[in-house]
Amino acid sequence: MVYLTRKAEFSASHYYHNPEFTPEENQRIFGKCNNPNGHGHNYTLEVTVKGKVDDRSGFVVDLKQLKEIMNREVIDAMDHRFLNKEVADFKDRIPTTENLAISIWGRLKPKLNLAELHRVRVYETSDLFVDYYGEA
Amino acid sequence: MKAYLTRRYWFSASHRLHSSAMSDQENQSVYGKCNNPHGHGHNYAVEITVAGQVDSATGMVCNLADLDAFVEENILERFGHQNLNMLPAFQGIVPTTENLCVRVYDILREGFHYAQVEKIRVEETMLNSFEYAGGREIRI
């Protein structure tokens, strides 16, 4: 079994707000991230797939195809978007880094029949990232 | 849904690698330059991974402000700009980065209860790093 990781980058804005919280609660829990006008990040996405190395190609997965799927399912949908307002995944879900990783997993998993999806890692900044392995 | 959140912190400290269980000559041969009695320093990078169910109301494993506050008080203020050998946390043990990694894990495990402490990773320099997950195997 070999694990292969492909990176991609996207830039997007978001803010944290739960309509069921009072304005004071939103402010206390989310702090500066509660600014309704949003703020942005340069996100780095790392997608790790695993599988046996194919005897003929020497590949776990054709990187071109993996890159295309990541671009189509994630980057095209999220790059230079206001996540709360323009990405349906976050209509009723706060676009935290945790939820981004879960959402990206959900977008990629059904499209990846090339190899088994192992991990989605999303860096919000260089000192903060979230891993999701598809666990309930 | 269970997610793993990792936050990266920095602190600078000095240490000297010297074991009272060894002769001076052995210390010199095992630790080499790191045995210099005057000590030397590093910029340590500490990565703390916590895990848990993503709260449906906040979208978070735990509030980052809680983790930052805990680490600031219990790791960065205690270890930052200190000589590790002088600290109570390293009395009787050699302040290698292996032991630092275990200490940081134990401090988090004992005192941080907003999420499960999964793993600690410490970079001593850009060229070497250490990971500890309480004795558990570490997942890629």
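Amide H contacts under 5 Å for residue B:118: B:49, B:50, B:51, restricted to partners 5 or more places along the chain or on a different chain, H placed in the peptide plane at 1.01 Å from N.
Spin-label model, residue A:56/residue B:53: points 7 Å from Cα along the beta carbon direction are separated by 4.7 nm. Over the protein assembly as shown, DSSP H runs of length four or greater, each weighted -39,500 (n - 2.57), average out per residue to a 222 nm ellipticity of -6500 deg cm²/dmol. Scalar couplings 3J(HN,Hα) for the range A:80-90, obtained by applying the Karplus form with A = 6.51, B = -1.76, C = 1.60 to θ = phi - 60°, are 6, 10, 8, 4, 4, 9, 10, 10, 4, 3, 10 Hz; x denotes Gly and Pro. For a paramagnetic label modelled on residue A:114 (point 7 Å from Cα along Cα→Cβ), amide N atoms under 17 Å away belong, within the range A:64-89, to A:64-76. For residue A:9 and residue B:116, a Förster radius of 45 Å and the Cβ-Cβ distance give a FRET efficiency of 0.90, rounded to the nearest 0.05.
Separation of the range B:113-140 and the range A:64-136, taken as the distance between their Cα centroids, equals 24 angstrom. Think of each Lys and Arg Cβ as +1 and each Asp and Glu Cβ as -1; about the Cα centre, that makes the dipole of the range B:2-132 roughly 160 debye. Calculated translational diffusion coefficient of the range B:2-132 (10 °C, 1.306 mPa s; Stokes-Einstein with Kirkwood radius over alpha-carbon pairs) equals 101 µm²/s. From largest to smallest, the equivalent ellipsoid semi-axes obtained for the range B:57-133 from the alpha-carbon gyration tensor read 24, 14, 12 Å.
A Gaussian network model of chain A, with springs between Cα atoms under 10 Å, assigns the largest mean-square fluctuation among A:90, A:82, A:59 to A:59. Of the residues A:99, A:71, A:37, which exhibits the maximal mean-square fluctuation in a Gaussian network model of chain A defined by a 10 Å Cα contact cut-off? Fluctuation is largest for A:37.
Among residues other than residue B:72 with Cβ under 14 Å from its Cβ, the summed charge is -2 (Lys and Arg +1, Asp and Glu -1).
Considering only Cα-Cα distances, which of the following residue pairs are longer than 19 Å: B:2/B:119; A:7/A:111; A:7/A:109; A:109/B:2; A:111/B:119; A:91/A:111?
A:111/B:119; A:91/A:111
Scanning residues 5 or more positions from residue B:80 or on other chains, none has an amide H under 5 Å from its amide H, with H placed 1.01 Å from N in the peptide plane.
Computed over chain B with a Gaussian network model linking Cα atoms closer than 10 Å, the most mobile of B:24, B:106, B:68 is B:24. With θ taken as phi - 60° and the Karplus curve 6.51 cos²θ - 1.76 cosθ + 1.60 applied, the whole-hertz 3J(HN,Hα) list for the range B:3-10 is 10, 10, 10, 10, 10, 10, 10, 10 Hz, x standing for glycine and proline. Rounded to the nearest whole Hz, the Karplus-based 3J(HN,Hα) values (6.51 cos²θ - 1.76 cosθ + 1.60, θ = phi - 60°) of the range A:111-121 follow the sequence 9, 9, 9, 6, 7, 8, 5, 10, 8, 10, 10, with x at glycine and proline. With the dipole of the range B:2-132 worked out from charges on the C-beta (+1 for Lys and Arg, -1 for Asp and Glu) around the Cα centre, which of B:116, B:54, B:40 lies farthest toward the positive end? Projecting each Cα onto the dipole axis, the largest value belongs to B:40. Put +1 on the Cβ of each Lys and Arg and -1 on the Cβ of each Asp and Glu in chain A; which of A:47, A:82, A:112 then has its Cα farthest toward the positive end of the dipole? Farthest along the dipole direction, towards plus: A:112.
As a ratio to 2.2 N^0.38 Å, the alpha-carbon radius of gyration for chain A is 1.16. If the segment from residue A:27 to residue A:79 were pulled out straight at 0.36 nm per residue, it would be longer than the present Cα-Cα gap by 16.0 nm.
Each Lys and Arg Cβ is given +1 and each Asp and Glu Cβ -1; about its Cα centre, the protein assembly as shown then shows a dipole of about 660 debye. Using a cutoff of 8 angstrom between alpha carbon atoms and counting only pairs six or more residues apart, the relative contact order for the range B:2-132 works out to 32 percent. Placing unit charges on the Cβ atoms of the charged side chains and taking the dipole of the protein assembly as shown about its Cα centre, the candidate lying farthest along the positive direction among A:21, B:17, A:71 is A:71. If a spin label sat at a point 7 angstrom from the Cα of residue A:125 along the line to its beta carbon, the backbone N atoms of the range A:86-114 nearer than 17 Å would be those of A:96-98.
Every number in this text was worked out from the coordinates using simple rules, so none of it is lab data. None of these values were measured; they are calculated from a predicted model. Cβ: placed from backbone, ideal geometry, glycine included. Neighbour counts: every protein chain shown.
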